[in-house]
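*Asks:* This is the structure I want to talk about, given as structure tokens.
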């Protein structure tokens, strides 16, 4: 989501039709591109430590938003970075909370994102790593060698988004049946559903209903 | 001996010839297998397909056990039988409607699902500090009641799976009382969609406090009885002590949280370490055990229920006397807060008569506002947020992504059952087949949360 959407009004009306008065409100959208230093809280310490360990070129950009830090990482360095994050005493992110996939069809060249949430119990800190890969070449190194807990999470992300985790011991579908075609959580995959009749009116399936977004 | 072709057996081929012999069993008809195993080669392994329809797999969990006699050589876990596409469905509803979906994931802990989701949405909206205190106290109250009801089911089903029906009946009776409270407060016993972005759906009804007080009087005695029944029961101890060992290193590698982690001696509880909803202002302890086994996990759960009761007591105190005595239960921001004060009528939960009177008879603007906010919903600024809470099973977190619209762009739940279930193989391999039941039960997985 690199392009920042300027949304006007609480209910999205920008021209006519809105008699509630909310159309004149402009909701400011924070810049999400990249956050300059200092990041605040403990985030600078982590960034310094990563620079010291030679990862300054591995991090493409850093976003601090709503009290959370996101390191956008080059996929070639992900595995190495995860190992350092786990083992370095000053970092010590022992626990991988999981992998979450996000599909941004508009972000050409990095449509599929794998989002990792790391937790350090030693220092009581959280960070987020994000790796963007193109739809045409959806390969990311598996984190199973560093965090065995990534096993099922990566299988789920493969199942739902089609991101291939290289080096995973058995990357098979986990939620969908083995012979399922397609990756259901992607934005180009329809929700499905049929119209239903309710009190004489026909209600279309959810993905065909009027959207205000 | 049955030699019917089984297409689902490992190694089954298209031409109908399965690798090895196949026994189809229904009920406790084991004679065939015993006979078959007798005249078999001693190197042969028995592959048992346990589940997905099995009473002691907590729903639709499938375990594929490779057995050498009584010893489990290998455990493979098959999930996905209860996948309902909740995360995908939420992308097609408003932010508020999302609670109705996510409450159905982990069906034993609906309030936790809702709260994790709402905390993430509120974080993204930047309104975390503006949630009214009364709403936060009610959230904590509901979460702790839910923790008790969830742990009760965990212990009850665990007893049943080990063959103790008394434990099961006791657990479910006490759970009923907890669900009665939910019904009194929210109108529903399960899947309440009670916690909403900005606060909670409605204030406590007039009878709620009295019922809570009765509950607080009743429960300590009941917990004592449960402890009397189980804590030193020799059969129970034989089935749980030193069973399904998993130490701290194993927990860290496998991402295990919750009672299983606390049974290794690490006092990690998000309510203490990363407080939310004002947990830092409550007085309670985090209980641990050092034994790393099934019995330790049971003791942790028991102690947690007693601590939860303490928190509920403090909540009742605040809701009747303290700073949360009165006040709104929804954020006072007209652009986010649900405009209607809901009330429980004779036919269930609905808009309060006063609100209907206001929008239908007094103010056209209020009607327009109500209509827009209910049909279209509010917009959430673009970005992503991660909110983690301590559910009865461990770290339950919602990763919420918004593109600035009225619907979530992506919601992902880090469900503790899903992650903890990965420990099954580590806990079971090398143990007896009967201990697999105890191991799975001590993880307390809820398949609705695992598969979502």
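Every read-out reported here was derived from the displayed coordinates using simple, explicitly stated rules and does not represent laboratory data. Being a predicted model, the structure only gives us computed values, none of them experimental. All Cβ positions, even for glycine, are placed from backbone atoms using ideal geometry, and neighbour counts span all protein chains on display.
*Asks:* Taking beta carbons within 10 Å but only from partner chains, what does the mean come to for residues A:97-105?
*Replies:* Partner Cβ neighbours, averaged per residue: 6.
*Asks:* In Å and from the alpha-carbon atoms only, list the Rg and Dmax of the protein assembly as shown.
*Replies:* 25.8, 86
*Asks:* How high is the FRET efficiency from residue B:68 to residue A:202, r the C-beta distance, R0 56 Å, rounded to 0.05?
*Replies:* After rounding to 0.05, the efficiency reads 0.40.
*Asks:* Arrange B:142, A:176, B:360, B:252 by Cβ neighbour counts within 10 Å, fewest through most, would you?
*Replies:* The most exposed by this proxy come first: B:360, A:176, B:252, B:142.
*Asks:* OK, next. Report the FRET efficiency, 1/(1 + (r/R0)^6), for residue A:92 and residue A:166, where r is their Cβ-Cβ distance and R0 is 25 Å, rounded to 0.05.
*Replies:* For R0 = 25 Å, the calculated efficiency reads 0.45.
*Asks:* Sticking with this structure for a sec: What distance in nm separates the simple spin-label points at residue B:280 and residue B:176, each placed 7 Å from Cα in the Cβ direction?
*Replies:* About 4.3 nm, to one decimal.
*Asks:* If I fit a long axis through the Cα atoms of helix B:433-443 and take the longest principal axis of the Cα atoms of chain B, what angle between them do I get, 0 to 90°, rounded to 10?
*Replies:* 10
*Asks:* Enter the mean number of other protein chain beta carbons within 10 Å of the beta carbon of each residue in B:399-408, as an integer.
*Replies:* Other-chain Cβ atoms within 10 Å of each residue's Cβ, averaged: 5.
*Asks:* OK, next. Once you have a ≥ b ≥ c as the square roots of the Cα gyration tensor eigenvalues for chain B, tell me rounded if a/c is under 1.5, and otherwise prolate or oblate according to whether a/b is larger than b/c.
*Replies:* prolate
*Asks:* Shielding by partners for A:124-136, please: the mean number of other protein chain Cβ atoms within 10 Å of each residue's Cβ.
*Replies:* 1
*Asks:* Would you list B:71, B:406, A:35 from fewest to most Cβ contacts within 10 Å?
*Replies:* B:71, A:35, B:406
*Asks:* Fewest first, what order do B:417, B:291, A:34, B:352 take by the number of other Cβ atoms within 10 Å?
*Replies:* Going from least to most buried by this count: A:34, B:352, B:291, B:417.
*Asks:* For residue A:56 and residue A:41 in the same chain, what is the full-extension length gain: residue separation times 0.36 nm, less their Cα-Cα distance, in nm?
*Replies:* 3.4 nm
*Asks:* Counting only DSSP beta bridges with both residues in the protein assembly as shown, tell me the antiparallel percent, nearest 5.
*Replies:* Around 90 percent antiparallel, to the nearest 5.
*Asks:* With everything on Cα atoms, drop me the angle between helix B:294-320 and the longest principal axis of chain B, reported from 0 to 90° to the nearest 10.
*Replies:* 10
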